[in-house]
Amino acid sequence: MERTTAEHRAAVEAWRATAPGNDHEIFGRKLKTEKPRHRDLSELSALLAMRGRPTGVLEDSDPAEIPTISTNWRIVPANDNQPPEEADGFGTERAVEYDPSLDLVEAEIEHLPVRHRAEPMILHGLSWGGRMEKEVQSIPTGGDIEYGIHVLERVIDGEKVLTRHKVITRIGRLRFSDGSQTEKGQKLSIDGKVVEADMPMPVGAMLRCREKSKRDKGGDADPSGSNFHYRWIVKGRVAQPPKLHPKKEERVEISKEDARRMLAEAYANTPVLPEVKRYPDGFPCGPTNLRQLFIGGRKGKKGESGSQAWQDIFTERENRETFNRGLDAMQDAHVRILTEAMSAKSLGELGEARGYRGRHAIDAGRRLLRAANDNFNEAMKLAEYAAEG
């Protein structure tokens, strides 16, 4: 039998007037008013303290994991006044440094005496018969210059003709090719792989040119500022790379006892020991960026710090000493109960380890655990009071 919307709403309102107020009353079940089985165990703060005990306390049992320490730097964004185009990802991707640098090239040719010579006019080759602009060449006339001979090989009317030309091979510290030099490089092979090869250098090419990545995107633009800061703090000099002389002698392996015996004999046979030289403090020859030697002053990715702050280390040490003082003030039996409770599966296991069985083991485990908890709380209060004094 179908009913209208008004009749359905009236039936729902009539049922709602007599329906139970809570869902559990629909099936007529009553809630248990008794305390749960493991009553009063939620008040055992000693178990939580033992689980989160400081590192280094009771290492014979399972220690708590070392918590991750976040950075001590402020999270407030710095006003670096970066241009908007760099902030949007349109900045410099990679900075490349060339050797020899442009400054060195300019310094070598700045005071070089030269004379200028203009090339003769030639036709441009266009339809309107125009002329090209004159090319002016600078020819050195003196200075620290070294010349060489370039042999040009040509074939004229089926005959091989050799022509010798005078070329510049050195200007100061800059070296140039006379056509007979080669340098290591890379090229594509027939199968498309990159292989090492000796690349012939054309006449006039500058030799010993190198390039290296000075700064990738996200790296430090110039470490000289931070290097100066660390030199100002430490007051030390930077060491030079040592000159290594390879030795062809075979290495002799000896034990620690033999080494100590040989050292003692050397001391005994030397009446006057050589003077001990003490060098001033300084930095090692590497890395070039001294900031990499001071990990604590670096800020890692995603808010991570390079190392723990001294406040965190001091607090962790004080907590460990306070915890150890509290455990020393407790009875050995109570400390053993708390330690076993960290790995016990039930209260009955604590009671069975002390000779109880069945229901008596559960009651004994609960009683022993509560007694150990009360003893732990009292001992920790005394330890904290002693630490404050």
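The values are calculated or read from the model by the stated rules, or taken from the named source; none is laboratory data. Fair warning: this is a prediction, and the values are worked out from it, not measured in the lab. As a convention, Cβ positions derive from the backbone with ideal geometry for all residues, glycine included, and neighbour counts pool all protein chains shown. All accessible areas refer to the heavy atoms of the entire protein, side chains included, with ligands and DNA or RNA removed. Shrake-Rupley method; radii C 1.70, N 1.55, O 1.52, S 1.80 Å.
Some notes on this structure:
- Taken over region 239-287, the criterion of being under 27 Å from residue 227 (Cβ atoms) and either touching a His at 6+ places or on another chain (Cβ under 9 Å) or surrounded by 10 or more Cβ atoms within 10 Å (Cβ to Cβ) (or both) is satisfied by 239, 282, 283, 284, 285, 286, 287.
- Against the conditions (1) part of a strand (DSSP E or B); (2) open to solvent by less than 100 Å² (accessible area, probe 1.4 Å); (3) at pLDDT 85 or above, residue 105 satisfies every one except (1).
- Check on residue 192, open to solvent by less than 100 Å² (accessible area, probe 1.4 Å), out of contact with any Cys (no Cβ under 7 Å at 6 or more places or on another chain) and over 30 Å from residue 104 (Cβ atoms): yes
- Any hit, region 149-158, residues being surrounded by 11 or more Cβ atoms within 10 Å (Cβ to Cβ) and more than 23 Å from residue 116 (Cα to Cα): yes
- Test: residue 379 is within 18 Å of residue 49 (Cα to Cα), assigned to a loop (DSSP other than H, G, I, E, B) and open to solvent by less than 40 Å² (accessible area, probe 1.4 Å): no
- If the condition is being farther than 19 Å from residue 57 by Cβ and in a helix (DSSP H, G or I), then region 324-364 contributes 347, 348, 349, 350, 351, 352, 359, 360, 361, 362, 363, 364.
- Just so you know, in region 296-313 the residues that are in a helix (DSSP H, G or I) and open to solvent by 100 Å² or more (accessible area, probe 1.4 Å) include one that is modelled with the highest pLDDT, and it is 310.
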